[in-house]
Amino acid sequence: MLELDGASLTYEEFRCNCLEPNRPAIIRNACQNGGTTYFDLTELIHRLSPQVLLDTIGPETLVPVYPSPCTAELNDTAAKDGCAEAIRDEGETSPCGPTYRSGRGEAAAATEIDGDDDEGCREVPLRNVLESWDQTGAHRGVGTSKSRVYYLKDWHLQEALENAAANTEGELFGGSLAVTSGFARQREKGAHGNALYRVPDFLGADWMDPFCRYMTQSSASPLAGSEEEFSLPAAAAAAMQCGGNGLTSACTSTPRPVGFGSNRSDYRFAYIGPVGSWTPLHCDVFGTYSWSFNVCGDKLWFFPTMSGNAYLHAHLLPSFPTPPDIRVLTGFATESVVQHPGDLVFVPARFYHQVHNISGETFPASWYTNPAASDEETGSPQGASSTSSLVGPLTMALNHNWCNTFNIECMTQTFLRDAQRLVRSLSVDDLTVICDTKDVVVWRDYVDAMLHGGTNWSYASMTCFLTFCVHCIGSVAPGMVAAEDERAMAGERVRQLLAEVRESYEHLFAA
């Protein structure tokens, strides 16, 4: 596994070793570089601690959790050595691989979780999630299940912190939109989550976050003037406003810009889970890059080698579930690495990976046993008693998905494959009945709506995104290229991909 030193890493070195070859890496000591602090571990641990999260965003805030099979513990010696191979305990067997023991306290006992393992993500009040991690057992469910724990992942915590701060400052000073605009400007400069951290410069350009910022603003307020508020180049704003998605449509109204998902998509996440929680083998479906920064605790990562990743893509069928554990598969080589606090892992585009939380920190927290009514002066529930607990041990990480000139082709081709897979599943007879017409323009609209509803992207959103990128690159917008020698190549590449997406759409169901 490639290891790089974040304290001295340059963008040119990262580009050469990771972006261009699409190669995974672990970047040690990623907190500071060249006199700039990107992550302050002490501040991060404080602001992500259960009690501060309860106080900041509220105990009843709904958060996304996954009932995760509890499989991982880590013994003390292996935790200190940081050696993934030493961690393996061949004397223990389980359906999901070896067992690990925590170096900083025992693994969190699993709690009873209603529903089946395969239900996927659900939304649960933050209070309930933290109570399920309570070491004292006072707030645990009465069930006796020992197989599952709540894993809080894919959580848009950065957005939640920005919204909470905007609401607070808006109430104090008025003008919540102006406050929100301030956070957008912070994001443009690389600061996220109400100054929670900055994205390291050595990671290069990010094209997704500016597009998502713009689409969020355009869905919250009129587009007119937003380019000035968010430093969006006028040419890009005009193209987005007047050009719509640039596709021939059955719609008679003026097309509006279309983003990913609900037009308020955000690809910044937090992952918080007890020791023993894990993320099964998968690759990011958008074909994006991702980085994951460890705040506290240790993670054990498994990757196939580069040839092994190609083998998996050649042999795993896209319409069937991916096997959850890479360690039970054969025919290719794997790599493993332990990520410590302050380390950042780079996951390349469409690269399979599997992650286990193997050690963590324990946190004090307090909640009220009868939060029915609130005391206006103190903010605490009337007649309620506060209970102190220990929560954890927890592993915490921050994550971004992003793209730039080096993986935009992979991202676009991934989308086109998704679209063609859907088209092949629909017969002419099906479309005629469903759409009540033989007009292929109507069929294309229907397919695009299916794509957007099922996968969060569509021909319309990809066309808008690529149009946005073309105009921002051409207008020398800040942050679209990390090195000026990339600009011409980036612009030409995106223009070609935009033409390819439009041509693919126009040829859907063509005779």
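Read the figures in this text as sums done on the coordinates, not as results from a lab. If you're wondering where the values come from, they're calculated on a predicted model, not measured in any experiment. A quick note on method: Cβ atoms are made from the backbone with ideal geometry, for glycine too, and the neighbour counts reach across all protein chains shown.
Entry note, region 407-508: relative contact order of 32 percent, from Cα contacts under 8 Å with a spacing of 6+ residues.
Using a simple charge model, +1 on the beta-carbon of Lys and Arg, -1 on the beta-carbon of Asp and Glu, nothing else, what dipole does region 407-508 show about its Cα centre, in debye to the nearest 20?
In total the dipole reaches around 80 debye.
Ordered by the number of other Cβ atoms lying within 10 Å of each residue's own Cβ, fewest first, Glu506, Glu188, Glu60 fall into the sequence Glu60, Glu506, Glu188.
Test of the criteria: in region 377-486, which trypsin sites (Lys or Arg not before Pro) are in a DSSP loop and have at most 14 other Cβ atoms within 10 angstrom of their Cβ?
Lys438
Does region 407-508 come out rounded, prolate or oblate, given a ≥ b ≥ c as the square roots of the eigenvalues of its C-alpha gyration tensor, rounded meaning a/c under 1.5 and, failing that, prolate meaning a/b above b/c? Prolate is the answer for region 407-508, as a/c is 1.5 or above and a/b outweighs b/c.
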